[in-house]
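Q: Got a structure for you, written out below as structure tokens; questions coming shortly.
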Amino acid sequence: MSLQTELKSERVSHLAVSGFSRVSVGTSIRNTLAQMQADGQVVCLVTDDKQVGPPSETAQLVGIFTERDVMRKVIDVPGMLDKPVDEVMTPHPITVGPDASAADALRLMDENHFRNLPIVDTSGRLLGNMTHQAIIQYLADRYPVEVLNRPSDPERFPHKAEGG
Amino acid sequence: MSTGATNDVPLTRKDFISDQTVRWCPGCGDYAILAQMQRALPEIGVPKERTVFISGIGCSSRFPYYMNTYGIHSIHGRAPTLATGLAIANPDLSIWVITGDGDGLSIGGNHLLHAIRRNVNLKIILFNNRIYGLTKGQYSPTSRTGAVTKSSPMGVMEQPLNPIAVAMAAEATFVARSIDSHPQHLAATLKQASDHLGTAFVEIYQNCVIFNPTEWTELSDRKNRDDSILYLEHGKHMIFGKNQDKGIRLNGFTPEVVSLDDVDLDDILVHDATSKPLASILGSMEFPDYPAAMGVIRDVRKPDYAAELISQVRTAQEERGVGDLNQLYLAADLWTVHTRKEVECASARERRDGEAAISVRRLDASSQASVMPITGLDEEYIDDLDKPEEKISDFQDLLVTDTVSALEPNIPITMSEHSSLARTIRQMNRHNIGCVLVTDEEDRLVGIFTEWDALMRVVGVVDDLAQQTVADYMTPEPLALKADLPIAQALNLMSVHGFRHLPLVDDNNHPIGIISFRDVVGYLNDVLEKE
């Protein structure tokens, strides 16, 4: 059974997909970064609703702003912090629905060199963000004996099996 | 005698869970017993600071680590001994002894017997899985005759001990039995044991998922267990079965299973936990000839050892005054053991003076027997572990056989720890990478700086990137892998800690590679696609 076969039977919504920050279009980069830092998220989805706080039901995804954008377009470029996030986000990112198979989602990411793939339902609601971490987590849960039942510190790997 | 408890905030299960990682095999019955103990103790209501768990050696004996109470992981088989001392030194404590069929009935068989016959105020919980688990599958004193184990390849030749019968032989005042797979019954039995003043002995049928996984199948299977277990209740008829249609009758001295259709209810035995002969009969009923008797088999009241002892000491002190230990030491005959030199001098003196001396012989180094390495069993066991019962997919092999070097790790970009943030970020962007490894003057790995660090700690916070060094913003002493570790190790670190990049180092801690989430997923994808 290959990884593809194994992931074919799983929907992306079955995976432990990551969370994300969210800001409205027009938010300053400074405030966007503050939001991401507060949330501890490396991905921020930008929606078209204007109000502050939780997104409205009808809010549509218009862009994605990630740590990579921070590195390449913001961190060492003077005067960026007060500009709106719209100027540096990737507009209209490709998304998948919650019923897409994990295998298809992974293929889509690899072919396009995406590190993030937002999951959006038919009404445009943001559900999560698919990353390679979700695959790692899936494999760990699927093979706990091999993966999870070993000491995290590789220096302390026991060379003999122990029962107790 | 008891303080607190009533006035304090009631304890919950969580209060009894320690911060220790539980190290039993997945699927081990010990987990269920631990969970029920943690559930029962808040209801028992003894404060944590008056509760002690004392164990010997074995899988079950790791129990004290996992209880957030006082605890001692003691010497093999000697838990009842330590516990006896503790019960006398501090009779206010609620003391639980955790032991197993090997620790309690073989290595510490004698200690168990004497703690029980003294009626020390202890709750002794014996996990019976009929195998030595920690030492990897040798037959134990409760293994059935004929059982094939690592140390009895042609079947056990010995008669097994029946723990209940052993406790009865030692005049136990409280004897009960339960099973790991029946949580409600187990918790109730533990509570009844806790209420007893004196030695409460509880045998728990416990599943060893690795070395004896089928031992209690008939009793633990939810579908059939009610036909295999006789639940005892003091004063109630001994009736059992899924449809409550079977009973136990005495035919002379021999119990027999009868159908309720065939006999009067008056003929069915009524449980009397104060009757010693009845307890002996119940203890001797072995599954599958009889249903296994579960619950409180015997419960009588006898003087508690510590109370008796303390009372005798008090009487003696009243009559003869408080003793002096030092005087006692010096009261008897004394003699001195001499070193060889002293002995030689003394011998010379002896030849001269005819004076006696005691000689102490020292072992010559040459007299020590050469030690033969014993590896067979371990290797055999590791072979067993490497072969999962049911292979789900090729991954299982791949994850443990392929090493991280197979991932063809990228050459890492390294920065000196004195580099400025500005320079570090320029380098990352130039190479289009998400992380750099930070090294000291001797090129040893001292930190890792990633996009995450840049986003969380630098951007919008640091004004002048050129004025700050990377060492102040990196993650110091990152976990690093050696290239010969299995891919499973990388997956473990990534899944447990959420690391997105893992540095690879050589034996001198020099960075030799870096792997990311995507490398691992990509590799598994490609290698399996090709097959």
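Q: What is the spin-label model distance, in nm, from residue B:444 to residue A:107 if the labels are put 7 Å beyond Cα along the C-beta direction?
A: It works out to 4.9 nm between the two label points.
Q: Ok, one more. Calculate the FRET efficiency for residue B:413 and residue A:28 from the Cβ-Cβ distance with a Förster distance of 35 Å, rounded to the nearest 0.05. Intermediate values should be presented prior to the final figure.
A: On the way: r = 32 Å, r/R0 = 0.91.
Calculated transfer efficiency: 0.65.
Q: Multiply the residue separation of residue B:402 and residue B:317 by 0.36 nm, subtract the distance between their alpha-carbon atoms, and state the gained length in nm to one decimal.
A: Computed gain between residue B:402 and residue B:317 is 23.3 nm.
Q: In what sequence, highest mean first, do B:461-471, B:517-527 appear when ranked by Cβ atoms within 10 angstrom?
A: Going by the mean number of other Cβ atoms within 10 Å, highest first, we get B:517-527, B:461-471.
Q: I'd like the mean, over residues of B:445-455, of how many other protein chain beta carbons sit within 10 Å of each residue's own Cβ.
A: For peptide B:445-455, the averaged partner shielding equals 3.
Q: Please compare each pair in B:150/B:191; A:8/B:14; B:191/B:236; B:191/B:276 to a cut-off of 30 Å on the Cα-Cα distance and tell me which ones are over it.
A: Where the Cα-Cα span goes over 30 Å, the pairs concerned are B:150/B:191; A:8/B:14.
Q: While we're here: Kindly provide the Kirkwood hydrodynamic radius of region A:3-143 in Å, to one decimal, from all pairs of distinct alpha carbon atoms.
A: By the Kirkwood definition, the hydrodynamic radius is 15.6 Å.
Q: Give the peptides A:10-20, B:91-101 in descending order of average Cβ contacts within 10 Å, highest first.
A: Top to bottom by mean Cβ count within 10 Å: B:91-101, A:10-20.
Q: Can you give the Rg to Rh ratio of region B:26-89, both from alpha-carbon atoms, with Rh computed by the Kirkwood formula?
A: My calculation puts Rg/Rh at 0.98.
Q: What average number of partner chain Cβ atoms lie no more than 10 Å from the Cβ of the residues making up B:320-333?
A: Whole-number average of other-chain Cβ neighbours for B:320-333 is 0.
Q: Please give the peptides B:120-130, B:428-438, B:16-26 ranked by average Cβ packing (other Cβ atoms within 10 Å per residue), highest first, as a rough proxy for protection. Don't skip to the answer; put the middle values down first.
A: On the way: B:120-130: 26.8, B:428-438: 18.7, B:16-26: 14.6.
The packing order, highest mean first, is B:120-130, B:428-438, B:16-26.
Q: While we're on this one: Multiplying the sequence separation of residue B:44 and residue B:20 by 0.36 nm and subtracting their Cα-Cα distance, what value in nm do you get?
A: Gain in length upon complete extension: 6.3 nm.
Q: Just the ratio, please: alpha-carbon radius of gyration of region B:194-300 over 2.2 N^0.38 Å, N its number of residues. Present the calculation step by step, with values, prior to reporting the outcome.
A: Numbers: Rg = 14.6 Å, N = 107, 2.2 N^0.38 = 13.0 Å.
Working it through for region B:194-300, the quotient is 1.13.
Q: From the convex hull of the Cα coordinates of region A:1-45, what is the mean projected area in square nanometres?
A: 4.3
Q: Calculate, in nm to one decimal, what residue B:276 and residue B:432 gain on full extension: separation in residues at 0.36 nm each, minus their alpha carbon distance.
A: Value of the extension gain: 48.1 nm.
Q: Which percentage, to the nearest 5, of the DSSP beta bridges contained in chain B is antiparallel?
A: Beta bridges within chain B, antiparallel portion: roughly 50 percent.
Q: So, one more: Find the relative contact order for chain B and round it to a whole percent, using C-alpha pairs within less than 8 Å whose residues are 6+ positions apart.
A: 9
Q: Quickly estimate the mean residue ellipticity at 222 nm for the protein assembly as shown, helices only: each DSSP H run with n ≥ 4 gives -39500 (n - 2.57), and the total goes over all residues, rounded to 500.
A: Computed mean residue ellipticity for the protein assembly as shown: -9000 deg cm²/dmol.
Q: Counting only other chains, what is the mean number of Cβ atoms within 10 angstrom of the Cβ of each residue in peptide A:3-9? Each step should come with its number before you reach the end.
A: Numbers: counts 13, 4, 3, 6, 2, 0, 0.
Per residue, the average neighbour count from other chains is 4.
Q: Something else now. Label points 7 Å out from Cα along the Cβ direction at residue B:145 and residue B:76: separation in nm?
A: Taking the two extended label points, one gets 2.7 nm.
Q: Taking only the C-alpha atoms, wrap a convex hull around the protein assembly as shown and report its volume per residue in Å³ as a whole number.
A: 302
Q: With both bridge residues required to lie in region B:119-259, what share of the DSSP beta bridges run antiparallel, to the nearest 5%?
A: 50
Q: Given the protein assembly as shown, what percent of its DSSP beta bridges are antiparallel, to the nearest 5?
A: About 55 percent, rounded to the nearest 5.
Q: What spacing in nm lies between the two simple spin-label points modelled at residue B:264 and residue B:337, each 7 Å away from Cα in the Cβ direction?
A: With each label placed 7 Å out from Cα toward Cβ, I get 7.3 nm.
Q: A further question on this structure: When N counts the residues of region B:396-530, how does its alpha-carbon radius of gyration compare numerically with 2.2 N^0.38 Å, as a ratio?
A: Relative to the 2.2 N^0.38 Å estimate, region B:396-530 comes out at 1.09.
Q: Hand me the chymotrypsin sites (Phe, Trp or Tyr not before Pro) from region B:209-279 located in a DSSP loop with no more than 13 other Cβ atoms within 10 Å, in residue order please. It would help to have the intermediate numbers written out before the result.
A: On the way: sites: B:211, B:216, B:231, B:240, B:253; in loops: B:211, B:216, B:253.
Of the chymotrypsin sites (Phe, Trp or Tyr not before Pro), the ones in loops of region B:209-279 whose Cβ has at most 13 other Cβ atoms within 10 Å are B:253.
Q: Evaluate chain B: find the radius of gyration of its Cα atoms, find its Kirkwood radius, and give the ratio Rg to Rh.
A: Using only Cα positions, Rg/Rh for chain B is 1.11.
Every read-out reported here was derived from the displayed coordinates using simple, explicitly stated rules and does not represent laboratory data. Because the structure is a prediction, the values reported are computed rather than measured. Note: ideal-geometry Cβ built from the backbone for every residue, glycine included; neighbour counts use all protein chains shown.
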